[in-house]
Every structure is written in C-alpha cells, then in structure tokens.
Amino acid sequence: MAPRNPLNIGAAARAISNFGFTHLRLVNPYNVAFQEARSAVNASAILASAQEFPTIAEAVADCTLVVGTTSLGHRQLHHPLRRLEYGGRLMKKNTGPVALLFGSEKFGLGNDDISHCHWLVRIPTREEHGSMNLGQAVAICLYELSRDSHAPVNEPEKIKRATAEEVERVTGLLLEALSDSGYLKELTSVSMIEKTRRMLRRMDLSATDALMLQGMMRQFLWKLRNPTV
C-alpha cells in the first residue's frame, strides 16, 4: 500500500521471485520509486508484470482471502490477529487466490486499509522494536508460506571420529613440542600433561583432523630441533 522506496519495491519483487510466487500488485505507488525499482536484481520479470491499482478494493477484487500484516503497536484491532507461523498454515489451506497486504514503509496499514482484510498476521518481533523494513517483512512472510514444515531434515554427513590411539598420538606430539619449547615446567608437568590430554579429548577430533594435527606437530618439532635450517 503506497510504497515510496524503490529499494523496498525491488526487494519485495526479488523475494517474490526467490520463493516461487509470481504476482506483485502495487496500490497507489509513488511513481518515481516504482520506475527506479524496475532494475531490481533478478526480479525484472516480476516488476515488468506488476500491476498498479488506485485502491485496495480494486487490487484484491478477485481474491477470496485478504490478510493484512501489522506490527500491532498500541492501537486496538477489530480483526483476528495471528502469528505468522499459524497464519501461514491457514493461508496455504485456502483454495482461492490469497492477497497478502503490506502497508507503506512509514505508516504501515491504516484502519481503512485493514477494513479490507479478513484477518491480520504479525511477524513475532520483540515488543521494543516491532516494525520491520518492508522488503524484509515481505521476504519473511513469503518464506513462511513457501516452506514445507513436514520436509525431512537432512541428516548431517557422518564423520569418522578419531580413535583413542590417534588422539594419543596427537597428545604425545603436542607434549613433545611443549617440552622442547620450554612451556612445560618440571614442577607442573604432570598436571599439564593431564590437562593437555583432557583438552584434546574435549575437541572430539575427527580422524582427518587428528591426522592433520599430527603433521602440524611434526613440522613444529622439526623446526624447533633444527632452528638454523
């Protein structure tokens, strides 16, 4: 509704393209901003097909569900207000065209704008800073609408853990380097050896990392023992 910043118009168009949507409708846009926004990265097709309307009523005339976005603020609302997660699920269940209505950057949706909505949705921001940049708000809402909440979570690639023997080799080489460098002191060496061994085990090294650390330690030792080479 009445967007004025070309960067926000471009960001909204890009989000529409990112998440697989196709329609951008602008209600009473600031003409200069709209013209400047037409160069948005990878969103030229969305902007080229964008439709302009003088009123909200005309923009949503063919929609069976109109959902407004709001940061709530301190005004009293006369519409159901739902968090984006729940509202997104309801919108996806609707069988007809759905309009997601955003207000201007400066004022958001006014009471007259909201009167065209069936209900409202809000992004759960913290109370002290409830409003969001228009382009970011569009992206978050469209992500919620496009994501599959039942999609399987990809299991992380299984990493081969280092064996106790491999970690002990790293421990031995590190202790040699600490001893040759003078870091280990006679009075505290027993305590330091135990601390070093525990530290390396807390790292939960992979077999690959353990092998790489062994190579590093050997190079350190060689340089310590051959300083002039």
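The values are calculated or read from the model by the stated rules, or taken from the named source; none is laboratory data. Predicted, not measured: the structure shown is a model, and the values here were computed from it. Glycine gets a Cβ as well: all are built from the backbone with ideal geometry, and neighbour counts include every protein chain shown.
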Q: Sort through Thr208, Thr196 and tell me the only one that's touching a helix residue (DSSP H, G or I) at 6+ places or on another chain (Cβ under 8 Å), in a helix (DSSP H, G or I) and hydroxyl-bearing (Ser, Thr, Tyr).
A: Thr196
**Q.** Whichever residue in the range 1-17 is outside any loop (DSSP other than H, G, I, E, B) and either surrounded by fewer than 16 Cβ atoms within 10 Å (Cβ to Cβ) or of a type in the set (A, V, I, L, M) (or both) and, among such residues, is modelled with the lowest pLDDT
**A.** Leu7
Q) Restricting to the range 63-119, what's the tally of residues that are touching a Pro at 6+ places or on another chain (Cβ under 8 Å), of a type in the set (S, T, N, Q) and either part of a helix (DSSP H, G or I) or at pLDDT below 90 (or both)? A) 1
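Conditions tested, residue by residue: (1) surrounded by 14 or more Cβ atoms within 10 Å (Cβ to Cβ); (2) over 41 Å from the mean Cα position of the chain (by Cα).
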residue: Leu145; (1), (2): yes, no
residue: Asp148; (1), (2): no, no
residue: Ile159; (1), (2): no, no
residue: Thr163; (1), (2): no, no
residue: Val167; (1), (2): yes, no
residue: Val170; (1), (2): yes, no
residue: Ser181; (1), (2): no, yes
residue: Arg218; (1), (2): no, yes
Q) What number of residues in the range 183-200 are modelled with pLDDT of 90 or more, exposed (fewer than 14 other Cβ atoms within 10 Å of the Cβ) and basic (Lys, Arg)? A) 2
Q | In the range 195-211, the residues that are more than 14 Å from Gly172 (Cβ to Cβ) and of a type in the set (D, E, K, R) | A | Lys195, Arg198, Arg202, Asp204, Asp209
Q. Would a scan of the range 130-142 turn up a residue that is in a helix (DSSP H, G or I) and without any contact (Cβ under 8 Å) to a residue 40 or more places away in the chain?
A. no
